[in-house]
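None of the figures in this text is laboratory data; all of them are computed from the coordinates on show. Only a predicted model underlies this, so the values are computations on that prediction, with no experimental measurement involved. In this analysis, Cβ positions are derived from the backbone assuming ideal geometry, glycine residues included, and neighbour counts consider all displayed protein chains.
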Amino acid sequence: MISVTEARRLIIQNADPLPLEEIPVQTCAGRINGEDLMALRTQPPFDASAMDGYAVRSEDAVQGNTLSVIGEAPAGLPFDGEVGPGQAVRIFTGGIIPNGADHIIIQEDVDRSEDQITVTDTQNPPRHIRKAGVDFHFGDGLFEDGTRLGALHSSVLASAGISEIKVHQKPRVAIFSNGDELTEIGAPARPGSIISSTQTALTSWLRAWGAEADYLGIARDSLESLAAMIEKAKGYDVIVPLGGASVGDYDLVKTAFETAGYEPLFSKIAVKPGKPTWFGRLGGRLILGLPGNPASGLVCAQIFLRPLIEALSGLTPSTDVPIQKAVLTDAVDANGPRANFLRADVKIAADGRLMATPFPRQDSSLLTPFAKASAFIVQMPNSRALEKDDLCNVMIWGEYP
């Protein structure tokens, strides 16, 4: 039985980033770029007006001066000429600053009569000009290899003249449940049956983490059924079996994978819940077996499956669980020999402190506390009991107010 950190290390070590593919920049949100991205143009590419007004020479921007308007410079239609002494060009936001001008008098600071303007307010030139390259210049580095790109990244890249980028392929994940007691959602109930439900949260999480996830169905408690499911999962990068990995007479999942050529990397983790979590290889595929109990499976998905997806996607996750400090709102008991991940809710108090509230029911079969949770309170092996208002370690994985 290995530690949580060692399990994460083995998972990350064996998850080489997937190959690159080229995609339109408009579709890059949520993807991990596979190369350093450099600007292909300067932004803005020219000195531009930040206001609607008049482009003038600084020395003419004096209250009481009257200037002749010699033309216009709307955005996209530059003025083809030069601003000389005593002259002004009507300009609009985004318009190119005409040659000779170095100041914009905003339109509220002039009186206009036909082709003449009089400056009516004190000016402090030069002002209201966005200089070329104030955002970035041609050749500037924008985003490093391994950046998770979002909606705003796509806008920056588009403005830099980049239309296509290379990103890591999305990991393809196959999920299946195991157990004769399981029924599919919407299927008729039968004596002793329970509905297979873990996969619904798991597929949503996987897609949010940047993977493509498919639920393949339920494999029954027979080597034939499991072998057929393993065959069905060909072509995926990762297979996630749910359940069937304990020591019962009907727990046959690992046996079925071993028959197919599975190479184990670990078979148990010193973690609570989730001790039976296992990991290895089957040809070019990675296999991460999660416990069948819903809360156990989902806790371990956050701790172990998430860094697996991140590593395959081109990120560099830490082997350590990401920890923050929070203040307990209730006491927690001393912990045993396995790292314990208590479902909890976290909130920011009025004084800015992060507060963690453990749920009173922590049974590994319970889903309702999980639906209200946003974090785990992380207890190291053999750690002491903590009282209300003590500091604790939390792993935040959900949204919190």
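Explain nothing, just the number: dipole magnitude of the chain about its Cα centre with +1 on each Lys and Arg Cβ and -1 on each Asp and Glu Cβ, in debye rounded to the nearest 20.
Dipole magnitude for the chain comes out near 1880 debye.
What is the spin-label model distance, in nm, from Leu366 to Ala334 if the labels are put 7 Å beyond Cα along the C-beta direction?
Taking the simple label geometry, Leu366 and Ala334 are separated by 2.4 nm.
What distance in nm separates the two pseudo spin-label positions at Leu77 and Asp180, each 7 Å out from Cα along the beta-carbon direction?
A separation of 8.1 nm, rounded to one decimal place.
Once you have the Cα-Cα distance between Val62 and Glu22, take 0.36 nm times their residue separation minus that, and quote the gain in nm to one decimal. Please list the in-between numbers first.
Numbers: separation 40, 0.36 × 40 = 14.40 nm, distance 5.48 nm.
Length gained between Val62 and Glu22: 8.9 nm.
What FRET efficiency, computed as 1/(1 + (r/R0)^6) with R0 = 25 Å and r the Cβ-Cβ distance, is obtained for Phe266 and Lys234, rounded to the nearest 0.05?
FRET efficiency, Phe266 to Lys234: 0.60.
What's the center-to-center distance, using Cα atoms, between the stretch 149-202 and the stretch 62-102 in Å?
Here the answer is 56 Å between Cα centres.
Among 190-197, 173-180, how do they line up from the highest to the lowest mean number of other beta-carbon atoms within 10 Å? All intermediate terms of the calculation are to be shown ahead of the outcome.
Working: 190-197: 12.0, 173-180: 22.4.
The densest-packed peptide leads the list: 173-180, 190-197.
Which shape class applies to the stretch 324-396: rounded if a/c is under 1.5, otherwise prolate when a/b exceeds b/c and oblate if not, where a ≥ b ≥ c are the square roots of the Cα gyration tensor eigenvalues?
Since a/c reaches 1.5 but b/c is at least a/b, the shape of the stretch 324-396 is classed as oblate.
If you stretched the chain out fully between Ser204 and Gln324, how much longer would it get, using 0.36 nm times the residue separation minus the C-alpha to C-alpha distance?
Taking 0.36 nm per residue and subtracting the Cα distance, the gain is 40.7 nm.
Taking the Cα centre of the stretch 48-130 as origin and charging only Cβ (+1 Lys, Arg; -1 Asp, Glu), how large is the dipole, in debye to the nearest 20?
Dipole size: approximately 220 debye.
Could the peptides 254-261, 165-172 be put in order, highest first, of the mean number of other beta-carbon atoms found within 10 Å of their residues?
Ranking the peptides 254-261, 165-172 by packing returns 165-172, 254-261.
Mind checking which lysines have their Cα closer than 18 Å to the Cα of Lys275? Skip sequence neighbours fewer than 8 apart in that chain.
Counting by Cα, and skipping residues close in sequence, Lys275 has these lysines nearby: Lys254.
Could you order peptides 358-371, 4-17 by the average number of other Cβ atoms within 10 Å of their residues, highest first?
4-17, 358-371
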